[in-house]
């Protein structure tokens, strides 16, 4: 069993609630209304001594406390009729001395057309209306904070529907700090805990964060009804379908999730600002997976953030490759959104069996409130989440932060304690780009390739044989997913048509190939995959049989690699700038520089070809010894009679003529022997790929 992870700081904060309002306004909003007496109000509870230890190094903090109260609006409210004949019920909740209040409902059930509003006692601000669409699955609801020590609940009910309503208050959050201190111009501030985070933080509106304006939209602050809260991240899944999975630190989790409120885009509009809008909220979530030792919890929001919130679902990289630099986006001390940079590669360490990244911030810091904030690599992909290591502005250079590696959080013993079942159900994706549901359709990146497979190449014609297609053996669906290849960014499953496979001649199909885009700084990291068709003339085309291969990734530079199911793959030596218009990359000519040099492919009468012979997908060609490629051929023909043959679409058919042969003319075994040198059967030919 792994030992407990030490958590030097825990990011906590206060409560807020409120799903997306359904519209409307309190009756006569904008006009002065008479005071409403509350028949039932929150019990008097001694206030805690105000504690400003949150501003000290490494300490947790809270600025509110949850107080239980029972108030039934339907039976204890003040009721009257509105001009349109509908009913209005009002009740006042007061917690003397509070700087702000939020309300949690034990029961919240409204019929169509009924709307609940909450106003501050001065009728300067309101929340709502909230209606049937805001009901949570467990029958509860909660609201955001309003200034002052009293709030008025105002329910509008259509004629004849009062008996169908249930609005029962179960608790309030009493904030004992003043979050609404006046701004410099005398205007009331939006949500502001009354103490700013450290002066050396960097707002996400600053020029240093200009390259992070899309990714920042994945970070949100969430607040719990007990007066605490944390930072977390919307995370993409391989279906790219906007399921609102939200990653947080496990030490921030409590099973009061129906009362959690998630604040999106709570940030300053300027580099030096300290206030921001808190109008974009989602209330409630459900737990999907968590682990104490890996200190993560994955929850699913009660509803997806609407388009007006401009949500972004963060991409991720669980390869474990060390980033060249890291960035976190956070809500320290529940302040407006900040960003911190470590311009060096993080170091790795292990604690209690969990893998961590260690960072020393070069710009910005983390403080209480930052727990769960995303750790991004240089490619803006999530590689972990911050859980330890608060700093002050004076000790940041020597005080590191720690982030649990995404590779650790992905693995576990069951879906309840690992991420992969939720973010990558097929468990075959290592790198996934982010998902921006508000982005228009992007121009695909296109790749134009030419290559030859040694096994099928006929030097007499300069073409590859098309025996598989002629025999009707080429499948309509790519074969690589079934063979267990990794599928980043939800790749795989490409299909072609019978019409495409019916085409004959020099531009007819030979077989499926796998085209890979890899990270421009690390050729060993897969970014995207597209399965394409290889034609007899060497052209690699998309599934329509004619187009250049299209990838749904941003225009950028990528390493390009190509692989085949029984040939050794090859990769261009340097990253290639890719966009919507493709430039031919010809792997058949010696002038095209490949990773591994000239030995990466084989010259056949002056034409460079991918090496044949990898019958078992091992990444090498072996004739003898363990894991060799010769034995699968013998086994395919029966294992006892080497002169036997078998027809079909088989990986052991190294020359792609539709027949597996161990001996005799056009056999597949000799290709292996020839490629390891022909005289030393113990030699091994290794694929030149990172």
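The values are calculated or read from the model by the stated rules, or taken from the named source; none is laboratory data. Just so you know, these numbers come straight off a predicted model, no measurement behind them. Here the Cβ positions follow ideal geometry from the backbone for every residue, glycine too, while neighbour counts run over all protein chains shown.
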- Note on the structure: Considering region 662-688, residues that are modelled with pLDDT under 90 and surrounded by fewer than 15 Cβ atoms within 10 Å (Cβ to Cβ), and then whichever is nearest to residue 570 (Cα to Cα), we arrive at 677
- Message: With the requirement that a residue be free of Cβ contacts under 8 Å to residues at least 40 places away in the same chain and in contact with a strand residue (DSSP E or B) (Cβ under 8 Å, 6 or more places away or on another chain), what does region 474-501 give you?
- Response: 476, 477, 493, 501
- Before we move on, is residue 377 farther than 17 Å from residue 236 by Cβ and in contact (Cβ under 8 Å) with a residue 12 or more places away in the chain? no
- Take region 620-661 and flag every residue that is part of a loop (DSSP other than H, G, I, E, B), surrounded by fewer than 19 Cβ atoms within 10 Å (Cβ to Cβ) and at pLDDT below 95. 624, 625, 626, 627, 638, 639, 640, 641, 642, 643, 644
- Message: Looking only at region 514-534, how many residues end up being farther than 26 Å from residue 315 by Cβ and in contact (Cβ under 8 Å) with a residue 60 or more places away in the chain?
- Response: 1
- Message: Looking only at region 87-99, count every residue that is in contact with a strand residue (DSSP E or B) (Cβ under 6 Å, 6 or more places away or on another chain) and either farther than 10 Å from residue 172 by Cα or part of a loop (DSSP other than H, G, I, E, B) (or both) and tell me the total.
- Response: 9
- Item | Count of residues meeting criterion [under 15 Å from residue 627 (Cα atoms) and out of contact with any helix residue (DSSP H, G or I) (no Cβ under 9 Å at 6 or more places or on another chain)] in region 668-682 | 2
- Selected residue (only one of 472, 505, 440 is outside any strand (DSSP E or B), modelled with pLDDT under 90 and surrounded by fewer than 19 Cβ atoms within 10 Å (Cβ to Cβ)): 440
- Message: Looking only at region 443-469, how many residues end up being exposed (fewer than 15 other Cβ atoms within 10 Å of the Cβ), part of a loop (DSSP other than H, G, I, E, B) and more than 43 Å from the chain's Cα centre (by Cα)?
- Response: 3
- Residues of region 595-604 being in a loop (DSSP other than H, G, I, E, B) and closer than 21 Å to residue 527 by Cβ, in sequence order, are 595, 596
- Please note which strands (runs of 3 or more DSSP E) are completely contained in region 519-594 and include at least 2 residues that are surrounded by fewer than 18 Cβ atoms within 10 Å (Cβ to Cβ) and under 30 Å from the mean Cα position of the chain (by Cα). 556-564, 576-578
- Among (1) in contact with a strand residue (DSSP E or B) (Cβ under 8 Å, 6 or more places away or on another chain); (2) at pLDDT 85 or above; (3) part of a loop (DSSP other than H, G, I, E, B) - the single one residue 119 does not satisfy: (3)
- Exactly one of 364, 353 is in contact with a helix residue (DSSP H, G or I) (Cβ under 9 Å, 6 or more places away or on another chain), surrounded by fewer than 24 Cβ atoms within 10 Å (Cβ to Cβ) and either closer than 14 Å to residue 406 by Cβ or in contact (Cβ under 8 Å) with a residue 40 or more places away in the chain (or both), and that one is 353
- Task: May I ask you to verify whether residue 648 is farther than 28 Å from residue 560 by Cβ, within 42 Å of the chain's Cα centre (by Cα) and in contact (Cβ under 8 Å) with a residue 24 or more places away in the chain?
- Result: yes
